[in-house]
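First the structure, in the form of structure tokens, and then the observations on it.
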């Protein structure tokens, strides 16, 4: 079956977005040195112990979301070991929580947030005891 192999984060300020994801999740992010004339693009490694996928951060080519709009893209959810700790890290690093921590019965805890570029993403802590 086909699998998701790459993600892209659109940003008004690529360095600001890279700093947010580095400081919040510890992702390895490096500028891609493409051919002359290629747009600025940063490669993202979001893997730990071989799990996860790689992606990129690129310059947003249209106006940023204004808020309270329907999501028009895939929402990626990041697995974390402590949702409470990462909710704090998101806010400390300039992000914004867009939902409270909520139970997903028999699976764990889920929260949605907005990065510094107004992109929505999720964080989830596995906990099969959540009822």
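What follows is calculated from the coordinates using simple rules that are stated; it is not laboratory data. All of these numbers come straight from a predicted model, not from anything done at the bench. Neighbour counts are summed over all protein chains in view; Cβ atoms, including those assigned to glycine, are modelled from backbone coordinates with ideal geometry.
Quick notes
- Order of 117, 15 under a 10 Å beta carbon neighbour criterion, fewest first: 15, 117
- Gyration tensor (alpha-carbon) shape descriptor, region 1-78, a/c threshold 1.5: rounded
- Once you divide the Cα radius of gyration of the chain by 2.2 N^0.38 Å, the number left is 1.09.
- Label-to-label distance, residue 106 versus residue 76, with points set 7 angstrom from Cα along the beta-carbon direction: 2.9 nm.
- Taking 92, 77 and counting other C-beta atoms within 10 Å, the order from fewest to most: 92, 77
- Between residue 64 and residue 19, the simple spin-label model (points 7 angstrom out along Cα→Cβ) gives 1.3 nm.
- Förster radius 41 Å - calculated FRET efficiency between residue 36 and residue 98, Cβ distance, rounded to 0.05: 0.55
- Rough spin-label spacing in nm, given labels placed 7 Å along Cα→Cβ, for residue 7 and residue 45: 1.8 nm
- Helix 14-25 and the longest principal axis of the C-alpha atoms of the chain enclose an angle of approximately 30°.
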